[in-house]
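Worksheet: the structure to be examined is printed underneath.
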Amino acid sequence: VMEKEGSRRSALFAETALEVYAVEFVSTLQLCCCTHELKLLAEVGRVEPRLSLTLTYLACVVHGLTFGGALGNACGALERACSKRIAGRCALQRVACQFAAACVARAVVPQVWGLGLSDLHLRHKLLGFRCISQIRATLPHTAAVEFAGAFCVHTVISRTQAVEEKYRVHLISVVVTTLVYAGGSVSGAVFNPSLAFSTQFPCSGNSFLEYSLVYWAGPLLGMLTSLLVFGPVVPMLWPTSDPTPYRPLETKKGK
C-alpha cells in the first residue's frame with residue numbers, strides 16, 4: 001500500500017514538475033546575482049583582469065555543481081525543445097521561470113547594494129548605481145561575438161555528454177571563462193538572454209531593440225546553428241554505423 005501511495009505521489013509530483021521550475025528559478029537567480037556582483041567588481045572595483053577571470057571560473061564551477069539539473073539559459077531550454085528532449089510547453093515555462101528570476105535579481109541586487117555592506121557598494125550607491133552599456137563595437141560586431149560565444153558553449157555542452165560530470169563542469173567553466181576573456185571587451189560576453197536581461201538591459205547607452213538584437217538574437221542564432229551543424233549536417237558528412245545516443249546529464253547522475 002505504501003509503495004502504491006508513493007507511486008501516486010511521485011506521479012503527481014512529476015506531472016506538476018514544481019521542483020523543475022523551482023530549481024530553474026533559483027538557479028537563474030543565483031547566476032544573475034553572481035554576475036551582477038562580478039560586473040560591479042570589474043566596472044567599479046577595477047579589479048585586475050586575471051582576478052576577474054578567476055572569479056568568473058569559480059562562479060561557473062559553483063553554479064554547475066549546485067544546479068546541475070537546471071538549464072539557466074533560455075537558449076538551452078529552446079535547444080532541448082527543438083531536439084525533442086523536452087516538450088515545447090515545458091521549455092516555455094522554464095524560460096518564463098528564468099526571466100522571472102532575472103527580474104527579481106534586477107530589482108533586489110540594487111537594494112542589497114544600497115545597504116552599503118562594503119566600500120564598493122557604497123561607492124556604487126554614490127554613483128547612483130550607474131550602469132553603462134557594454135556594447136563597445138558596432139551592433140553587427142557585438143551580435144557576432146554573442147553568436148560565436150553561444151555557438152561554442154552549446155556545442156561543448158551537447159558534445160560532452162559522455163564526460164563524467166565532475167570533469168565536465170570544469171571543462172564547460174574553462175570554455176566560458178575563455179570566451180569571456182576573448183569577447184568581454186566587445187559585448188560583455190553574456191551568451192544568455194535571461195542573464196543579459198538582468199545585467200545588461202538596465203544599462204544606459206543603447207535602446208531595448210539594440211540590446212535585443214545583440215543579447216537575444218545573437219545567442220539564439222548561435223544555438224540554432226550549433227544544433228543544425230552537429231545535428232543533421234555532421235552525421236550526413238561523416239556517417240557512423242553505430243551512433244552514440246544522447247544521454248542527459250541527469251541520467252548519468254543516477255549511476
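The values are calculated or read from the model by the stated rules, or taken from the named source; none is laboratory data. This is a predicted model, so every value here is computed, not measured. Cβ atoms come from the backbone with ideal geometry, glycine included; neighbour counts cover every protein chain shown. Accessible surface is based on the protein model in full, side chains and every heavy atom, while ligands, DNA and RNA are left aside. Shrake-Rupley method; radii C 1.70, N 1.55, O 1.52, S 1.80 Å.
Looking at this structure, is Arg46 of a type in the set (D, E, K, R), under 13 Å from Thr199 (Cα atoms) and over 12 Å from the mean Cα position of the chain (by Cα)? Let's see the steps before the verdict.
Details: of a type in the set (D, E, K, R): yes; under 13 Å from Thr199 (Cα atoms): no; over 12 Å from the mean Cα position of the chain (by Cα): yes.
Criteria not met by Arg46.
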Note to self: List the residue pairs whose Cβ atoms are under 6 Å apart, where the first residue sits in the range 203-228 and is over 21 Å from Lys39 (Cα atoms), the second is buried (at least 17 other Cβ atoms within 10 Å of the Cβ) and of a type outside the set (A, V, I, L, M, F, W, C), and the two are 6 or more positions apart or on different chains.
What the structure shows: Met223/Glu79; Met223/His154; Ser226/His154; Ser226/Thr155; Leu227/Glu79
Note to self: Looking only at the range 54-87, filter to residues that are over 18 Å from Ala196 (Cα atoms), assigned to a helix (DSSP H, G or I) and touching a Gly at 6+ places or on another chain (Cβ under 9 Å); which one of those is least open to solvent (accessible area, probe 1.4 Å)?
What the structure shows: Ala81
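Matching residues to (1) aliphatic (A, V, I, L, M); (2) touching a Cys at 6+ places or on another chain (Cβ under 7 Å); (3) at pLDDT 90 or above:
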site	(1), (2), (3)
Ser10	no, no, no
Thr16	no, no, no
Phe25	no, yes, yes
His36	no, no, yes
Arg50	no, no, yes
Val104	yes, no, yes
Note to self: For the range 131-159: of the residues being free of Cβ contacts under 8 Å to residues at least 60 places away in the same chain and over 17 Å from the mean Cα position of the chain (by Cα), which is least open to solvent (accessible area, probe 1.4 Å)?
What the structure shows: Ala137
Next item on the list: Name every residue in the range 64-93 that is more than 26 Å from Tyr167 (Cα to Cα) and not hydrophobic (A, V, I, L, M, F, W, C), in order of residue number.
Entry: Lys84, Gly88, Arg89, Gln93
Notebook entry, point to check: Restricting attention to the range 227-238, does a residue exist that is more than 18 Å from Thr142 (Cα to Cα), open to solvent by less than 80 Å² (accessible area, probe 1.4 Å), in contact with a Cys (Cβ under 7 Å, 6 or more places away or on another chain) and modelled with pLDDT under 95?
Noted result: yes
